[in-house]
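Trainee: Structure incoming, see below.
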Amino acid sequence: MSCVLTKSQEETVALGARLGRLLQPGDFVALVGDLGAGKTQFAKGIALGLEVDPETPVTSPTYTILNIYDGRIPLYHFDLYRLEGAHDVEALGFEEYFSGDGACVVEWAERLEDDLPADLLTVTLNHAGVDERSVCFEASGPRARALAETVLA
C-alpha cells in the first residue's frame, strides 16, 4: 500500500482527477474511509478526470445509491452506506455495472464483502489534520496495479 498526503480539499480533488484521466471501461475503484474523510471529494475529482461536465454537481448518492455521469466513459458512482451488505447489492442488480462500459467508483465498498471484483483499486482516505487527508492506494490485480503506479508516479 502506498500513501500520499493531500493538504486541502482541492488537492484531494486533483488527485482524484489524476486517477480519473486513466480510468477505462471495467475499472473498479473502491473508496474506503470514515464519514467526512473525503471520499466524495475524491469521486468529484475522478469525474473531472473522466471529463464529466464541470457544471454537473457530483454528489454522494447516499439515498439513491447510484448516480450515473456522462463523460469520456460513463461513471457509475455508488454509495453503499445505507446498505446492510452484499445481498442488498445483489437484490438491486448493480453487478451488471461492475464490469460494464464505464468505470465504477464505490463509496463504502467494504459492504460488498466477498462480491468485490478480483482486479480493483482500493483507495482509503483518512483524516490527517483539519484539511489534510492521507490517501492510500492498494491494488488487487494487474490493471489496478498499473493504475496505482501511474497515479503515484
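Trainee: What's the total number of residues in region 3-24 that are part of a strand (DSSP E or B) and of a type in the set (S, T, N, Q)? Full working, then the answer.
Mentor: Initial filter on region 3-24 (part of a strand (DSSP E or B)): 3-6.
Retained after the next criterion (residues that are of a type in the set (S, T, N, Q)): 6.
So the count comes out to 1.
Trainee: Okay, next question. Name the single residue that is surrounded by the most Cβ atoms within 10 Å (Cβ to Cβ) among those in region 22-64 being β-branched (Val, Ile, Thr) and closer than 14 Å to Phe137 by Cβ.
Mentor: Residues of region 22-64 β-branched (Val, Ile, Thr): 29, 32, 40, 46, 52, 56, 58-59, 62, 64.
Subset that is closer than 14 Å to Phe137 by Cβ: 29, 32, 46.
Numbers: Val29: 26, Val32: 18, Ile46: 29.
Residue satisfying both the conditions and the ranking: Ile46.
Trainee: Here's another thing I want to ask about it. Just checking, how many residues over region 142-153 are in a loop (DSSP other than H, G, I, E, B) and either in contact (Cβ under 8 Å) with a residue 24 or more places away in the chain or among the acidic types (Asp, Glu) (or both)? Outline the logic, then answer.
Mentor: The initial filter retains those residues of region 142-153 that are in a loop (DSSP other than H, G, I, E, B), namely 153.
Of the ones still in play, those that are also either in contact (Cβ under 8 Å) with a residue 24 or more places away in the chain or among the acidic types (Asp, Glu) (or both) are none.
Of the residues in region 142-153, 0 are in a loop (DSSP other than H, G, I, E, B) and either in contact (Cβ under 8 Å) with a residue 24 or more places away in the chain or among the acidic types (Asp, Glu) (or both).
Okay, residues lined up against (1) within 21 Å of Leu112 (Cβ to Cβ); (2) among the small types (Gly, Ala, Ser); (3) in a loop (DSSP other than H, G, I, E, B):
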{"position": "Gly26", "(1), (2), (3)": "yes, yes, yes"}
{"position": "Asp34", "(1), (2), (3)": "yes, no, yes"}
{"position": "Phe42", "(1), (2), (3)": "yes, no, no"}
{"position": "Glu55", "(1), (2), (3)": "no, no, yes"}
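Trainee: Scanning for something in contact with a Cys (Cβ under 8 Å, 6 or more places away or on another chain) and at pLDDT 85 or above, does region 35-58 turn up at least one residue?
Mentor: Residues of region 35-58 in contact with a Cys (Cβ under 8 Å, 6 or more places away or on another chain): none.
No; the residues of region 35-58 include none that is in contact with a Cys (Cβ under 8 Å, 6 or more places away or on another chain) and at pLDDT 85 or above.
The values are calculated or read from the model by the stated rules, or taken from the named source; none is laboratory data. All figures in this text were calculated on a predicted structure; none of them were measured in a lab. Virtual Cβ from ideal backbone geometry, glycine too; neighbours counted across all protein chains shown.
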